[in-house]
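Okay, structure first, notes after.
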């Protein structure tokens, strides 16, 4: 089965998380979360396996970060920061993030793979995959429109669906 | 004068096709860089019909978003209804009564035929033949009347509900659809005689606008565009939903990859849809058309869900991210024409502008669906 093959190859990227999901319940078969610098490698794996790209999109998790219970030491980050290395670790889970979701699908059998990655909301940058899948070009442009996510190496990140003078990103929360 | 022409032969110029052009079927603009009549570069410019449906989805309840589904692809609105309700039902775990499932399939297939008929007429109009449009609209009008009585609207349908459909069919529906199926079967051979075997059409379409299977994969094209390039991918078969697994139908595939192949795929699909409708009518069970326990206020559990359906133009996908409240946290709408059009820039390179029109039309674009 192609899912096992993808799983094996993705495991070599040491993904943040990988989950086999039930198609009937979720609509996809494999859910892989990689670090932002691994998206090109992940796309290359999907490309070699013969998958086509269905969509690229984003999710702004600002509200999730707000809803999460504050860490006990969180108030201290407003004041002076102790030089200890532990502070950065503790602040990380509540720092708002954005997610970029890549949907891959294959025509020859039933296997839909979701590759996702999280990037910091205040500096949303990750490499483009349009050199692997030229079809990603438009999807990334759209994601840039809606979320302001910067795809480094993308040749033309100008407003696409939005007006050409648009200076806002409508799908950002809050 | 001759000297002047020769000195300019290396130069190119920019021509805007649209945003108001009869062959763009909506407000699509294509920036063409031309060398004489040959296309050096074609760049579609989108956004003229952009309404930000995805944002609208985030600030209204699940049910309130239903009417939006009929306003993206206005020619196959029921498929969009279907994709959205299936996604929400998957997330919320709502069972749909069998009668409702069959009614959904029958109406979606009727809608698919009406969409293909409109494409058929409009495409031939693009290519310079006026008469086929009148034949196609005659047939389509009968379909719209049938769908009007059951859904309550002619175009922007909002017929499906979470857990079923909005109302049951009346006693005239089944005989009317049977009559339509019988009539369409006599009309299709006439279409082929009038149009498909026409030498002018063959010369305009055969070998024009080749799209390879590899290109289909790299750009994520689906629907008749993929099936015209030898890629046998149909969501109804590959990722079955609703009652499609119980229906016997074929997926027409042509491997030539030219505009003629895409034309033939759609014409064959009309016949396959008729087969599906017939089986649906024969097997339509009695019973309720709404799940009795469908909740009034929907709060699907947290999580993210994906549902794809086969719309008339390809795979329409809904990615629903729920945070457990009565409004979607994120609603991604993956529209097929968006990906199908994205390959136009590469495919149109080096083509004559008149042939590019034939290619553009064979992609069967609905711009409000691309722009969303």
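No value in this document is a laboratory result; all are computed from the given coordinates. Fair warning: this is a prediction, and the values are worked out from it, not measured in the lab. Reconstructed Cβ throughout: ideal geometry from the backbone, glycine too, with neighbour counts over all protein chains shown.
Only Cα pairs under 8 Å and at least 6 apart count here; give the relative contact order of chain B as a rounded whole percent.
Reported as a whole number, the value is 27 percent.
Using only the alpha carbon atoms of the stretch B:99-147, find the Kirkwood hydrodynamic radius as the inverse mean reciprocal pair distance, in angstroms to one decimal.
Evaluated on the stretch B:99-147, it is 11.4 Å.
Take peptide B:43-52, look around each residue's Cβ out to 10 angstrom, count Cβ atoms belonging to other protein chains, and average those counts.
The shielding value for this peptide is 4.
Got a sec? How would B:61, B:151, B:131 order by Cβ neighbour count within 10 Å, fewest to most?
Fewest to most other Cβ atoms nearby, the residues stand as B:131, B:61, B:151.
Please compute the modelled spin-label separation between residue B:156 and residue B:282, points set 7 Å along Cα→Cβ, answer in nm with one decimal.
Between residue B:282 and residue B:156, the simple spin-label model gives 3.9 nm.
Among A:20, B:95, rank each residue by its count of other Cβ atoms within 10 Å, from fewest to most, as a rough exposure measure.
Arranged by neighbour count, lowest to highest, A:20, B:95 become A:20, B:95.
For residue B:182 and residue A:168, what is the calculated FRET efficiency with R₀ set at 41 Å and r taken between the beta-carbons, to the nearest 0.05?
0.15
Distance from the Cα centre of the stretch A:24-42 to that of the stretch B:217-265, in angstrom?
Distance between centres, Cα-based: 26 Å.
First check a/c for the stretch B:45-103, with a ≥ b ≥ c the square roots of the eigenvalues of its C-alpha gyration tensor; if it is under 1.5, answer rounded, and if not, answer prolate when a/b is larger than b/c or oblate otherwise.
oblate
Quick check on the protein assembly as shown: take the gyration tensor over C-alpha atoms, sort the square-rooted eigenvalues as a ≥ b ≥ c, and tell me if it's rounded (a/c under 1.5), prolate or oblate.
Taking the square roots of the gyration eigenvalues as a ≥ b ≥ c, the protein assembly as shown is oblate.
Would you mind checking the tilt of helix B:173-191 against the longest principal axis of the Cα atoms of chain B, expressed as 0 to 90 degrees and rounded to 10?
20 degrees
Distance in nm between label sites at residue B:41 and residue A:49, each 7 Å beyond Cα in the beta-carbon direction?
For the pair residue B:41/residue A:49, the computed spacing is 3.5 nm.
At what distance in nm do the modelled label points of residue B:326 and residue A:158 sit from each other, each positioned 7 Å from its Cα along Cα→Cβ?
4.5 nm
Which angle between 0 and 90 degrees, to the nearest 10, do you get for helix B:353-362 versus the longest principal axis of chain B when only C-alpha atoms count?
10 degrees
Starting from the Cα gyration tensor of the stretch B:133-247, take the square roots of the eigenvalues, sort them a ≥ b ≥ c, and report rounded, prolate or oblate (rounded when a/c is under 1.5, otherwise prolate if a/b is larger than b/c, else oblate).
oblate
Rounded to whole Å and sorted largest first, what semi-axes of the equivalent ellipsoid does the C-alpha gyration tensor of chain B yield via the square root of 5 times each eigenvalue?
Square roots of five times the eigenvalues give 37, 25, 17 Å.
Based on the alpha carbon coordinates of the stretch B:50-182, what radius of gyration and maximum Cα-Cα distance (Dmax) apply, in Å?
When restricted to Cα atoms, the stretch B:50-182 yields Rg and Dmax of 16.1, 50 Å.
Taking only Cα atoms and a 10 Å spring cutoff, compute GNM fluctuations for chain B and point out the largest among B:349, B:64, B:279.
Highest fluctuation among the options: B:64.
Angle, helix B:98-126 long axis vs. longest principal axis of chain B, Cα atoms, 0 to 90°, nearest 10?
20 degrees
Where does each of A:29, A:165, B:138 land when they are ranked from fewest to most other beta-carbon atoms within 10 angstrom?
The most exposed by this proxy come first: A:165, B:138, A:29.
Express as a percent, rounded to the nearest 5, the fraction of DSSP beta bridges in the protein assembly as shown (both residues included) that run antiparallel.
Antiparallel: roughly 85 percent of the beta bridges in the protein assembly as shown.
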